[in-house]
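Student: Encoded as structure tokens, here's the structure I'll be asking about.
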Amino acid sequence: MYSDEYLALLKNFEGFYSQPYLCPAGVCTIGYGTNLEAHRKFIPYTDIREGNLKGKALLEALKSRGMKWSDEEATKAMILELDGTYKELVNRIPVFSQLLENKEKCRSEALLDMAYNMGVTGLSRFKNTLKLISEKEYKDAAWNLVKSKWYGQVKRRGRAIFYMMFYGQYPKPEEVDKLPNYHFNEEGIGVMRD
């Protein structure tokens, strides 16, 4: 269902963490970005899973029990999360289905990645970008991403998503750090800078 190119990028973006950690948003996470607060089914301890611990308290409880994942467990959870995100995108973001129908696999996976990263609700707030995509104005949609707060927060991931939307091609994971920094100059013109 997902391209090998995208899965390699996603693993590269998220990085692998065998033990729980707090992501930049303060959410208890493990593996390849699996949010344990949103997906409590991945917590193996019934008392903690059914409790209401969050953030640092959840992290400390899981660490005290020695929670640890293998790469295989992390990949399985990542795919399950992608499956849920994919289904939600089909139901809530019409332009995602439009991209699939138009055989725009790379661009659809750019949206899938954004939703994996910020949730489908977060992606739904990109109304202008989604409108441009629906009009097949992919380059303008890519530049519109650069204007967002999200783009500045996710750094290298944002540059890769820009590339995927702009060119309709996947950058190689080892080349993500070499992609130029896309920004607007004083005249409001989009430029690429190394």
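The values are calculated or read from the model by the stated rules, or taken from the named source; none is laboratory data. What you are looking at is a predicted structure, and each value in this text was computed from that prediction instead of being measured. For neighbour counting, all protein chains shown are included, and Cβ atoms are generated from backbone atoms with ideal geometry for every residue, glycine included. When the accessible area is computed, the model is the full protein with side chains, heavy atoms only, and any ligands, DNA or RNA have been set aside. Shrake-Rupley method; radii C 1.70, N 1.55, O 1.52, S 1.80 Å.
Student: At a 1.4 Å probe, what is the % contribution of carbon and sulfur to the accessible area of the chain?
Tutor: Carbon with sulfur: 49 percent of the solvent-accessible area.
Student: Bin width 10 Å, alpha-carbon pairs only: give the P(r) of the range 80-153 as whole percents, running from 0 to the bin holding the largest distance.
Tutor: Per 10 Å bin, starting at zero, the Cα-Cα P(r) for the range 80-153 comes out as 20, 60, 20, 0 percent.
Student: Can you list, bin by bin at 10 Å, the percent of alpha carbon pairs in the range 24-126, starting at 0?
Tutor: Once binned at 10 Å, the Cα pair distances of the range 24-126 give 14, 41, 29, 14, 3.
Student: Roughly how many Å² is the accessible area per residue of the chain, as a whole number, for a 1.4 Å probe? Before the final figure, lay out the partial values.
Tutor: On the way: 10290 Å² over 194 residues.
Value for the chain: 53 Å² per residue.
Student: Further, regarding this structure: Ordered by residue, what ³J(HN,Hα) values in Hz, to whole numbers, does the range 92-107 give under the Karplus form 6.51 cos²θ - 1.76 cosθ + 1.60, where θ = phi - 60° and Gly and Pro are x?
Tutor: 10, 10, x, 5, 4, 5, 4, 4, 4, 4, 8, 6, 9, 4, 4, 5
Student: Running a GNM on the chain with Cα contacts under 10 Å, which residue among Y116, Y45, Y167 ends up with the highest mean-square fluctuation?
Tutor: So, out of Y116, Y45, Y167, the one fluctuating most is Y45.
Student: Which of the listed residues, G55, P24, T34, is farthest toward the dipole's positive end in the range 1-76, when Lys, Arg count +1 and Asp, Glu count -1 at the beta-carbon?
Tutor: G55
Student: Here's another thing I want to ask about it. What residues qualify as long-range amide H neighbours of Y17, i.e. H under 5 Å apart, gap of 5 or more or another chain, H built at 1.01 Å from N?
Tutor: G31, Y32, G33
Student: Would you kindly give the portion of the calculated P(r) for the range 111-194 that falls above 20 Å, as a percent of all Cα pairs? Intermediate values should be presented prior to the final figure.
Tutor: Numbers: 967 of 3486 pairs.
Looking at the range 111-194, the distances longer than 20 Å represent 28 percent of pairs.
Student: I'm checking a number: the convex hull volume of the Cα atoms of the chain, normalised per residue, in Å³. What is it?
Tutor: 123 Å³
Student: If Rh is defined by the Kirkwood formula over all Cα pairs and Rg also comes from Cα, what ratio Rg/Rh do you get for the range 14-57?
Tutor: With Rg and the Kirkwood Rh in hand, the quotient comes to 0.94.
Student: Can I ask one more? I189 to I79: extension gain in nm, 0.36 nm per residue of separation minus the Cα-Cα distance? Don't skip to the answer; put the middle values down first.
Tutor: Numbers: separation 110, 0.36 × 110 = 39.60 nm, distance 3.82 nm.
Contour length minus Cα-Cα distance gives 35.8 nm.
Student: Stretched out fully, how many nm does the piece from L100 to R156 gain, at 0.36 nm a residue minus the Cα gap?
Tutor: Values: separation 56, 0.36 × 56 = 20.16 nm, distance 2.50 nm.
Residue separation times 0.36 nm, minus the Cα-Cα distance, leaves 17.7 nm.
Student: May I pose another question? Any idea what log10 I(q)/I(0) is at q = 0.23, 0.24 Å⁻¹ for the range 152-194, Debye with uniform C-alpha scatterers and no solvent?
Tutor: Here log10 of I(q) over I(0) equals -0.79, -0.85.
Student: Moving on. At 25 °C and 0.890 mPa s, grab the translational diffusion coefficient of the range 4-78 from Stokes-Einstein with a Kirkwood Rh over Cα pairs, rounded to a whole number in µm² per second.
Tutor: Stokes-Einstein gives a translational diffusion coefficient of 197 µm²/s.
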